[in-house]
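J.: My questions will all concern the structure given below.
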Amino acid sequence: CLPYADASFDLAFCYGVIFCTPWRTSLAELARVLAPGGRVYVNANDIGWTVHLWQTAQNAATDYDPRAVAARNLANTLAYERGGLAPTESQVVISQVALIAAGEAHGLRVLAAGGEGCVHLD
């Protein structure tokens, strides 16, 4: 829950965090606090990041196992989709299609969607 009144903001910026929360609830809260005509920027890790971690073991170290993180991401996603359980460690996978659909269900109009660094609004 965001501690702000409805329609409090013209812009909300959510980078690198929504996939660590019960994201549908978080997206609803972002929509709630936006003023009419307000904009929200949200990024979410789709399946590609989890696959990348699994395949490359990027940044592996004695205290960090990227493949274990990838496995937790998938387990968290399954737990969230089946029972609404928010991740307590790691994150969930959020497909672009699901994020857009959830945003539109809360009255958010999608101006652009794409991969990291590929979205540009002129």
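The values are calculated or read from the model by the stated rules, or taken from the named source; none is laboratory data. In this text the structure is predicted, and so the values were computed from the model without any measurement. Every residue, glycine among them, receives a Cβ derived from its backbone with ideal geometry; neighbour counts consider all protein chains shown. The accessibility values were calculated without ligands, DNA or RNA, using every heavy atom of the protein model including side chains. Shrake-Rupley method; radii C 1.70, N 1.55, O 1.52, S 1.80 Å.
J.: Under 6 Å by Cβ, and 6 or more places apart or on different chains, what pairs join a residue from the stretch 50-67 that is hydrophobic (A, V, I, L, M, F, W, C) with one that is open to solvent by 70 Å² or more (accessible area, probe 1.4 Å)?
T.: Trp54/Arg67; Ala57/Arg67
J.: Would you pick out the residues in the stretch 1-29 that are touching a Pro at 6+ places or on another chain (Cβ under 7 Å) and buried (at least 17 other Cβ atoms within 10 Å of the Cβ)?
T.: Restricting attention to the stretch 1-29, the residues satisfying the condition of being touching a Pro at 6+ places or on another chain (Cβ under 7 Å) are 7, 20.
Passing the criteria: only Cys20.
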